[in-house]
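Just below is one structure, and these are the notes that go with it.
A short reminder: the numbers here are calculations on the coordinates, not readings from a lab. Quantities reported herein were computed from a predicted structural model and do not represent experimental measurements. Counting neighbours? That spans all protein chains shown, and the Cβs are built from the backbone with ideal geometry, glycine included.
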Amino acid sequence: MKLAVCQYDMKWEDKEANKKKIEDLLAYCKCAKEIDWLVFSEMTLSGFTMDTSVSELTDEDRAFFSGLAAENNINISFGGVEKGYNNLITLDRKGNRINTYSKIHLYAFGSEDKHYNPGSKQELFELEGLRVMPAVCFDLRFPYLFWNQAPKVDVYVVIAAWPMRRAENWMTLLRARAVENQAYCIGVDRVGLEGKLEYSGNSMCYDPLGKAVLDAGTAEGIFISDIPLDRTLVSQTRERFPFLGERKNFPWQ
């Protein structure tokens, strides 16, 4: 599967401007027809706002992404708020929703927990032969979420609003989740300014051995993986290095 990520400079709390930006970026992408799966960052249309009246998805917002998927014949994962939950939503090539994950770990340091509801359930779904586990931003700091699903997962996808000043942490944790679970790990962040916060992008995809197969750097745009995501590489890596089978339920008490 050919993966692409979209990291762009969102206009703060301006959904219509951001829809136009996304359409333009896709129109200018010379390799758009090669894309099988396009992933956007957290709260894709609004930015990481605590104003729920702005971040909450409308029917028009959902129709925008469904149309984008159907018109371009691509699977799409994007972020948006629904009924007070910070969600990662995935659509198939026809624009039909196939999965919704609600962020479990809310970012209390930024008061997210005061404005949004925490999710309570992990999600797994299949996307054209790949077994996928979704996560959102702060979830990345909690490895048990990734560990407990590892045998059932080929690809982790993490969408985020992760500030530039902690970019090294972001990339390190993405690679760690890939290596320790022997699976692909995709991370998609934004670029630009959001109030006083600056975002550097650094959207990445690491393979099961920790090699970067996509590195978007710090520029705005749509970036496509060097090689397709391949479930065979996951199984071969786990067969050659059968580390998952050596995990133990450690007696913490």
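The table below gives the values:
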item: Net charge dipole size for region 19-171 [Lys, Arg +1 and Asp, Glu -1 on Cβ; Debye, nearest 20]; result: 200 debye
item: Rounded if a/c under 1.5, otherwise prolate or oblate - region 131-253, Cα gyration tensor axes; result: oblate
item: Radius 14 Å from Cβ of Ile89, net charge of other residues (Lys, Arg +1; Asp, Glu -1); result: -3
item: Whole-Hz ³J(HN,Hα) from phi, Karplus 6.51 cos²θ - 1.76 cosθ + 1.60, for region 214-220, glycine and proline x; result: 8, 9, 7, x, 10, 8, 7
item: Degrees separating the helix 231-240 axis from the principal Cα axis of the chain, which is the longest one; result: 30 degrees
item: Which listed pairs, of Lys103/Lys196; Lys20/Lys211; Lys94/Lys121; Lys11/Lys33; Lys121/Lys196; Lys15/Lys103, have C-alpha distances above 29 Å, in listed order; result: Lys20/Lys211; Lys121/Lys196
item: The chain, helix-only ellipticity at 222 nm - DSSP H runs n ≥ 4, -39,500 (n - 2.57), divided by all residues, nearest 500; result: -7000 deg cm²/dmol
item: 0 to 90° range, to nearest 10: angle between helix 59-72 axis and the chain longest Cα axis; result: 70 degrees
item: Surrounding net charge for Leu124, when Lys and Arg each add one and Asp and Glu each subtract one, Cβ distance under 11 Å; result: 0
item: Angle between the chain longest axis and helix 15-28 axis [Cα atoms, degrees, rounded to 10]; result: 70 degrees
item: Within-14-Å neighbourhood charge of Ile35 [Cβ basis; K, R +1; D, E -1]; result: -2
item: Relative contact order (%) - region 103-253, alpha-carbon pairs under 8 angstrom, separation at least six; result: 16 percent
item: Phi to ³J(HN,Hα) by Karplus 6.51 cos²θ - 1.76 cosθ + 1.60 over region 111-124, Hz, x for Gly, Pro; result: 6, 4, 5, 8, 10, 10, 8, x, x, 9, 9, 6, 10, 9
